[in-house]
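> Questions regarding the structure given below will be posed in turn.
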Amino acid sequence: MREGDYLRYVALGDSQTEGLGDGDDANGLRGWADRLAEQLASAVPGLQYANLAVRGRVAAQVHAEQLRPALALRPDLATVVAGVNDLLRPRFDADEVGGHLEAMFAALTAQGARVATVTFPDLARITPLARPFSPRAAALNQRIRAAARRHGVVVAETAHHPVVTDARLWSPDRLHAGPLGHERIAAAVAHALELPGSSDAWTHPLPPEPALPWWRAAGAELRWVAGFLGPWAGRRLRGRSSGDHRTAKRPELLPVGAQVPLREGRTK
């Protein structure tokens, strides 16, 4: 096997890594981790891939629920992406969240895995109503970078590039990437890992499009509040999560193109 070829890839995380916004529950979710696995398998057809991510999970839950199964799969490549759900909670502690991420970085790298992660964009550049979360995202990104340096973790710096907050990369809920966004995240991680055929093309801006008149932009904000922010806040107040009663979509290592068996107790 050539240096940089990977045979076992395991993805840990929340809804972005699970693939929300890229497909649907009825027909299957793809997502950036699936897309990265497909790129890896094009170079190493024997690649085995597992995705342990579950929507709605905060960093502490990813640490508690996914790290041990990930270690048991003995990956030679792992991605760890979590923390956005923490950012959106009323109580947020960047040191606590960063500590959970660092514990996962440490355990996986100590076992010999190459680990990659990403930084997060400023949510206020996606929707102005998210401006109060900007300092939180900046603080979490600082913790991610520092922990990654200490453990030799590869960081895809998605936070730095304006294209990352282009609305065309996001699904209508503005919390999850759309298909084009997942494609760009996969390309960013591939570039950070220096995979063959990767480049910085993922940073390039999309063609310009006309700006919306102010009244249409305001109407879009109101529809977003009613259709997405309101229901999300309602779940939080009731102590519910979109990931309740769900388990990982791909809990075992399988060839990338293999059909994943539906296990008892798993919500599809």
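The values are calculated or read from the model by the stated rules, or taken from the named source; none is laboratory data. Given the structure is predicted, the values throughout are model-derived calculations rather than measurements. A quick note on method: Cβ atoms are made from the backbone with ideal geometry, for glycine too, and the neighbour counts reach across all protein chains shown. Just so you know, the surface numbers come from the protein's heavy atoms only, side chains and all, with ligands and any DNA or RNA stripped out. Shrake-Rupley method; radii C 1.70, N 1.55, O 1.52, S 1.80 Å.
> Please find, within the stretch 195-208, the residue that is farthest from Ala43 (Cα to Cα) out of those that are aliphatic (A, V, I, L, M) and open to solvent by 30 Å² or more (accessible area, probe 1.4 Å).
Leu206
> Among the listed residues Arg168, Arg143, which satisfies the condition of being over 13 Å from the mean Cα position of the chain (by Cα), part of a helix (DSSP H, G or I) and surrounded by fewer than 17 Cβ atoms within 10 Å (Cβ to Cβ)?
Arg168
> Residues of the stretch 112-132 being modelled with pLDDT of 80 or more and either in a helix (DSSP H, G or I) or polar (S, T, N, Q) (or both), which ones?
Within the stretch 112-132, Thr117, Thr119, Arg125, Pro132 meet the criteria.
> Just checking, how many residues over the stretch 86-102 are in a helix (DSSP H, G or I) and farther than 19 Å from Thr17 by Cα?
4
> Could you identify the single residue in Thr79, Thr109, Thr117 that is farther than 20 Å from Leu140 by Cα, touching a residue at least 12 places away in the same chain (Cβ under 8 Å) and among the polar types (S, T, N, Q)?
It is Thr109.
> Given the options Gly152, Gly112, name the one that is under 23 Å from Glu65 (Cβ atoms), of a type outside the set (Val, Ile, Thr) and surrounded by fewer than 19 Cβ atoms within 10 Å (Cβ to Cβ).
Being under 23 Å from Glu65 (Cβ atoms), of a type outside the set (Val, Ile, Thr) and surrounded by fewer than 19 Cβ atoms within 10 Å (Cβ to Cβ) holds for just one of Gly152, Gly112, which is Gly112.
> If you go through the stretch 1-56 one residue at a time, how many are among the hydroxyl-bearing types (Ser, Thr, Tyr) and without any contact (Cβ under 8 Å) to a residue 60 or more places away in the chain?
1
> Now for a different question. Of all residues being open to solvent by 20 Å² or more (accessible area, probe 1.4 Å) and hydrophobic (A, V, I, L, M, F, W, C) in the stretch 125-140, which is farthest from Leu193 (Cα to Cα)? Just the residue, please.
That would be Leu129.
> Could you tell me whether any residue of the stretch 173-194 is modelled with pLDDT under 70, open to solvent by less than 50 Å² (accessible area, probe 1.4 Å) and either at negative phi or not basic (Lys, Arg) (or both)?
There is no residue in the stretch 173-194 that is modelled with pLDDT under 70, open to solvent by less than 50 Å² (accessible area, probe 1.4 Å) and either at negative phi or not basic (Lys, Arg) (or both).
> Continuing with the same structure: Which members of the stretch 171-205 meet the condition of being of a type in the set (A, V, I, L, M) and part of a helix (DSSP H, G or I)?
Selection gives Leu180, Ile185, Ala186, Ala187, Ala188, Val189, Ala190, Ala192, Ala201.
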